[in-house]
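Novice: The structure's right below; bear with me while I get my questions together.
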Amino acid sequence: MATGKESDGLDNLAFDMGEQVNDQPTEKAGKTCGSGCVAEDDRNKPTYCVTDVPPWYLCIFLAIQHYLTAFGAIISIPLILSEGLCLQHDSLTQSRLINTIFFVCGLCTLLQVTFGIRLPILQGGTFALVTPAMAMLSMPEWKCPAWTQNASLVNTSSPVFIEVWQTRMRTLQGSIMVASLLQILVGFSGLIGFLMRFIGPLTIAPTVSLIGLSLYDSAGAKIGSHWGISAMTAVLIILFSQYLRLIPIPVPAYSKTKKLHTSKFFIFQIMPILLGILVSWLVCYLLTIYDVLPSDPAQYGHLARTDVKGNVVNDASWFTFPYPGQWGMPTVSMAGVFGIMAGIICSMAESVGDYHACARLSGAPPPPRHAINRGIGVEGLGSLLAGAFGTGNGTTSFSENVAALGITKVGSRTVILLSGVFMILMGMLGKIGAIFITIPTPVIGGMFLIMFGVITAAGISNLQSTDMYSSRNIFVFGFSMFSALVIPNWIIKNPDFLQTGVKEVDQVLHILLTTHMFVGGFLGFFLDNTVPGTKRERGLTAWDKMHLEDSSNNLRTEEVYDLPFGITSCLSSQSWIRYMPFCSQKSHKSQYKSESQGNEHGTGVIDEFGL
């Protein structure tokens, strides 16, 4: 989820990496230090840089950790979309959606690390597209029929029911695919650099914050199914992630020097959401087998039972292979396209910040323009693939996994490549997705309570670089936020107000004006760029600092960001390559080196980028 940015805890190791590194040969340690990535007197430098390859057992452990870090956010997206797709009572199809989104996220991770930005950055679903997708599915012509809300009336194998949800999915697919062309164009044409000049903290803050705030109704419905279980889940996640995160668990380990010994494993820090879900899930199971929870669907608390979803695990196949067009030929809704585009613009702005943070934490030079252009373009291709496969969502860079690099001090892209392989394998195991579907509804509600709150706070944290003592900034942010809550709420209650006489225009206006993040982001963007204010007051001075070159890093830019398999070397001899803004050029490299040398004698500003 490209919104959950964490600043505290980055200096704390999630695993006792010192013991792992000390087990390696002296030559490896020397090589790592020699690359300018780690020094004995600087614990903030990564142990393994972006181009280094840790031992195989460390790669496997860290790859699984990255998968688990992204697990909570990725699995939430199909569960939210299932309501708008009329799939509340079709658990088997929900499990297939989970398998599909994991498969596509793994595939896009491999593409991004190999041919995109080439940094160790994991790709996952984005909540920036959930809000406009739900706005589109809430339109009068796409609202679910009343009979789909009644489990006793739903026959999941009925052609009528299948057509109901697949029609909505195909329309959502086509809208995402068309909207992703904007991101592909902006990335590979180099327009992202131009657009970022006008997007500052006062645009990003309301946009991201409203992603979380707009989902309060969905979270509230699930929490209300059993307040006790939801509260327990939320309390457990808070306990694990905030109070117990620095408490290590001793685990057996083996090394050549220390033989069999115990090592420290900070399990509460790296997987608090998963632990909270598992404990609450277990409690619900015990309450179910002892018939503490009511078995009557009409009684309060029935949805907390673990047997509500029936035999979904038994019915699911062992192996499934998602493929493009598995739900039928995608169709396009122009209204949906404009709504999805608003979310994609927000996703692009966040990803640029993630690239710079990932480069710093992985010991790489700041990404040059051609690498950023290529990264955004590949993210657009990822959203195109996600739409074609039928995830109901797009892909973006996951900020939580960027933060995990600072925790583990391992910035190797080999780890992320392996994590992408794991995600593809998990997406092909049908029963794995089915198991996740059996999580009781109030447990999911408790997780949403934490997750959406963090997303909201992460958006507001973008204001730290602005002058919030300024009445100008207070006005821009406050007006944008409040208007984005009032306008969509009123339009939803008065859907017949927008009557221009042209059906397509009415649909576009309805989706845009009922998408909270579009209303808030547009107002923030317009006011921030038109109301007079200094760059320092608007936060643009601090915002631009992250683009300064870090001359202390000895890794070469071409070593990290050039295309693999000698592709860049082959292309460099072609004359037309200078017209490709997503390819490295010799002139660009020489310019970068001269700028880096100039920065050594220029301003002594320290580049600080808070996650």
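Novice: Accessible area, 1.4 Å probe, largest first: how do Leu202, Leu527, Leu449, Leu110 sort?
Specialist: The ordering from most to least exposed comes out as Leu449, Leu110, Leu527, Leu202.
Novice: How high is the relative contact order of the stretch 345-501, in percent, counting Cα pairs under 8 Å that sit 6 or more residues apart?
Specialist: 16
Novice: Hey, another quick one. Provide the solvent-accessible area of Leu153, counting protein heavy atoms only and rolling a 1.4 Å probe, rounded to the nearest 10 Å².
Specialist: Near enough 110 Å² of accessible area.
Novice: With bins 5 Å wide starting at 0, give me the P(r) of the stretch 310-381 over every alpha carbon pair, in whole percents.
Specialist: 3, 11, 13, 14, 13, 10, 12, 13, 7, 2, 0
Novice: What net charge is computed for the residues neighbouring Pro201, neighbours being all others with C-beta under 10 Å from the C-beta of Pro201, Lys and Arg scored +1, Asp and Glu -1?
Specialist: 0
Novice: Moving on to the next point. Among Met580, Met139, what's the order by accessible area (1.4 angstrom probe), most exposed first?
Specialist: Ranked from most to least accessible, the order is Met580, Met139.
Novice: Okay, next question. List the pairs from Lys222/Lys431; Lys143/Lys309; Lys309/Lys493; Lys259/Lys409; Lys309/Lys431; Lys143/Lys503 whose alpha-carbon separation is above 21 Å, in the order I gave them.
Specialist: Pairs exceeding 21 Å: Lys222/Lys431; Lys143/Lys309; Lys309/Lys493; Lys259/Lys409.
Novice: At 1.4 Å probe size, put Thr257, Thr114, Thr395 in order of accessible surface, largest to smallest.
Specialist: Reading off the accessible areas and sorting them downward yields Thr257, Thr114, Thr395.
Novice: D for the stretch 134-232, whole µm²/s, Stokes-Einstein with Kirkwood Rh over alpha-carbon pairs at 37 °C and 0.692 mPa s: what number?
Specialist: Estimated via Stokes-Einstein, D reaches 186 µm²/s.
Novice: All other residues with a Cβ under 11 Å from the Cβ of Arg472 taken together, and with Lys, Arg as +1 and Asp, Glu as -1, what is their net charge?
Specialist: -2
Novice: Sorted by packing (mean other beta-carbon atoms within 10 Å per residue), highest first, where do 247-256, 430-439 land?
Specialist: Highest-to-lowest ranking by the protection proxy: 430-439, 247-256.
Novice: Something else: Where Lys and Arg each count +1 and Asp and Glu each count -1, what net charge lies around Leu137 among other residues with Cβ under 12 Å from its Cβ?
Specialist: 0
The values are calculated or read from the model by the stated rules, or taken from the named source; none is laboratory data. Small disclaimer: the values here were computed from a predicted structure and weren't measured. Counting neighbours? That spans all protein chains shown, and the Cβs are built from the backbone with ideal geometry, glycine included. Just so you know, the surface numbers come from the protein's heavy atoms only, side chains and all, with ligands and any DNA or RNA stripped out. Shrake-Rupley method; radii C 1.70, N 1.55, O 1.52, S 1.80 Å.
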